[in-house]
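Just below is one structure, and these are the notes that go with it.
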Amino acid sequence: MSVEIRNSEDRPVIVGGGIAGLLVALHLAPEPVLLLSQARLGTGASSVWAQGGLAAAMGDDDDPALHLADTLAAGDGLCDRAMASRILHAAPGAIAALDRYGVRFDRGPEGKLRLGLEAAHSRRRIVHADGDGSGREIMRALVAAVRAIPSITVVEGTAARRLAVADNAIQGIWTDDPTGRLFFRASRIVLATGGIGGLFFDTTNPTGNIGQGLALAARADAILADLEFVQFHPTALDGSGSPMALISEAVRGEGAILVDETGQRFLAGIERAELAPRDVVARAVWNHLALGHRVFLDARARPGPDFARRFPGIAAACGKLGIDPVRNLIPIRPAQHYHMGGVAVDASGRSSVSGLWACGEVAATGLHGANRLASNSLTEAVVCARWVAEDLAGTPARPIRPAAAVECPAPDPTPVRASVSHALGVMRDEEGLSAAARSLLPLAERNGPASDPAAVGLMIAIAALRRRESRGAHHRPDYPHHEAVAIRSDITLHAALAAARDLTPAPVLESL
């Protein structure tokens, strides 16, 4: 194994090659910056797979105050109102900035942005690019922009393993690449590593997204927030393998409905039916499946013949299973889709560790609360990337201490998926959460391939155990009530380990 010391100029280091990471790098230009990506740019990131687009109040009948009201309602009392307002008021300007980077947004005959409708939005405000290929198109433009800027050094095929920290301040980052172990000196690091979908059997995320950014922050003693809030998309394409193909909410926004094998529209009695908040629809689908039914998306009448033109990627995914959405029902079931929790950050993206910022899905800004409003995630990443870059650019580099080499194996989530999927799904209860915490504890405590994935799963399980209510995407039949006051939940890895040890029964000593 080789160990090299790199980045002697102490350039800022950005970990992650999705939309958030690319935009932080672009906004820092012409300041020199290192961008570390585990995969080749344009692949491996959830951003590439995003179908729904960006939510922004761009219509003549809309304004950011209406967008904020919808966001707060979906967030079920847990949003940071001030932060959400700031992000959503900046959203239209962020769309314009992406336009300047060359993103080809969908427009009508007169050149105006074509705005879509998604669940829990009171107005058409979803800005798409290339139909259901919004993430792919945005990434195309941003990757091209990054590669064209000499001040951005892109290091691909490099996986982050551990942050070096001394006196609660960043000193650098240990990584692995095909040549061995590398250390990058840095007193300023941005985590933009995405979500946790790879910890679940059923997910719409790349399976390599296993919460590594959360593990990096947690091992550095950073505070994390609201980890129990995991969003399940109600309409993943059943039978499409792992990861599961997503049937965008925009399809329901264009009039598709949910039915079972008898043709019953079982959501008809729920307020807003198919366009209710995601947690409501996901639980309804989950419960109907639990009763022995099958569930389908019926798009035959609406969007109908226009389906393939409006949603070419979804039509292609259905076609691989022999399904024509114009003639056939589309089988669906819920799958893990997005993580509202993450590294606790302030309005500038700063974490509790000096020199460590977070942006995108790995961060908990307070925008999403207990349940993300559809298409607010890309908006958050685009808006907050500028603020992170501005704050980082105004933060001078610090002297760095030498860092001792560390052993940290490449992570393997396989041993933790059963526990995480069973206990941390659409429905949770104390027995399942406690069992998961006990099973994940020994994996998290040892320095093995499953340690980091287990640590992330353990922190989520303990956070879910502590929240003895049902709120947003966190639903517990054993605590179905809604507490009067919504309280943000902070957690550290040390606290989660201690709580899990308290759940483990002491050994029974045989009498002599």
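Of the options F232, G44, L117, report the single residue whose Cα projects farthest towards the positive end of the charge dipole of the chain (beta-carbon charges: Lys, Arg +1; Asp, Glu -1). So the residue furthest toward the plus end is G44.
Mean separation of Cα pairs under 8 Å and 6 or more residues apart, divided by the residue count, gives the chain a relative contact order of 20 percent.
Take the Cα of E407, step 7 Å toward its Cβ, do the same at A39, and the gap between the two points is 3.1 nm. Placing unit charges on the Cβ atoms only, positive for Lys and Arg and negative for Asp and Glu, gives the chain a dipole magnitude near 700 debye about its Cα centre.
In summary, the chain shows an alpha-carbon radius of gyration equal to 0.94 times the 2.2 N^0.38 Å reference for compact globular proteins.
Sequence-distant contacts, meaning Cα pairs under 8 Å at least 6 residues apart, place the relative contact order of the range 385-507 at 25 percent.
Which residue, A381, A363, V146, has the largest displacement toward the positive end of the dipole of the chain when charges sit on each Cβ (Lys, Arg +1; Asp, Glu -1)? The listed residue farthest towards the positive side: V146.
Diffusion of the range 233-336 by Stokes-Einstein, at 10 °C in a medium of 1.306 mPa s and with Rh set to the Kirkwood radius over alpha-carbon pairs, works out to 118 µm²/s.
Between the range 133-205 and the range 224-252, the alpha-carbon centres lie 23 Å apart. Note on the chain: dipole from Cβ charges, positive end direction compared against P505, A344, A435; the farthest Cα belongs to A344. Dipole magnitude for the range 233-336: about 140 debye, using +1 per Lys or Arg Cβ and -1 per Asp or Glu Cβ, origin at the Cα centre.
Rounded to the nearest 20 Debye, what is the dipole magnitude of the range 290-335 about its Cα centre when Lys and Arg each give +1 and Asp and Glu each give -1 at the C-beta? The calculation lands at about 20 debye.
Summary of the geometry: the range 367-383 and the range 89-125, compared by the centres of their Cα atoms, lie 15 Å apart.
Before rounding to the nearest 500, sum -39500 (n - 2.57) across all DSSP H runs of length at least 4 in the chain and divide by the residue total; then give [θ] at 222 nm in deg cm²/dmol.
Working: 15 runs with 166 residues, N = 512.
Computed ellipticity for the chain at 222 nm equals -10000 deg cm²/dmol.
By count of other Cβ within 10 Å, fewest leading, how are D60, D176, D99 ordered?
In increasing order of surrounding Cβ atoms, one gets D60, D99, D176.
Relative contact order, whole percent, for the range 233-336 stands at 39, derived from Cα pairs under 8 Å and 6 or more residues apart. The range 303-352 and the range 445-507 have Cα centres lying 28 Å from one another.
Coordinate-derived values only; no laboratory data. Note that the structure is predicted; figures quoted are calculated from it, not measured. Methodologically, a virtual Cβ is constructed for each residue, glycine included, from the backbone with ideal geometry; neighbour enumeration extends over all protein chains shown.
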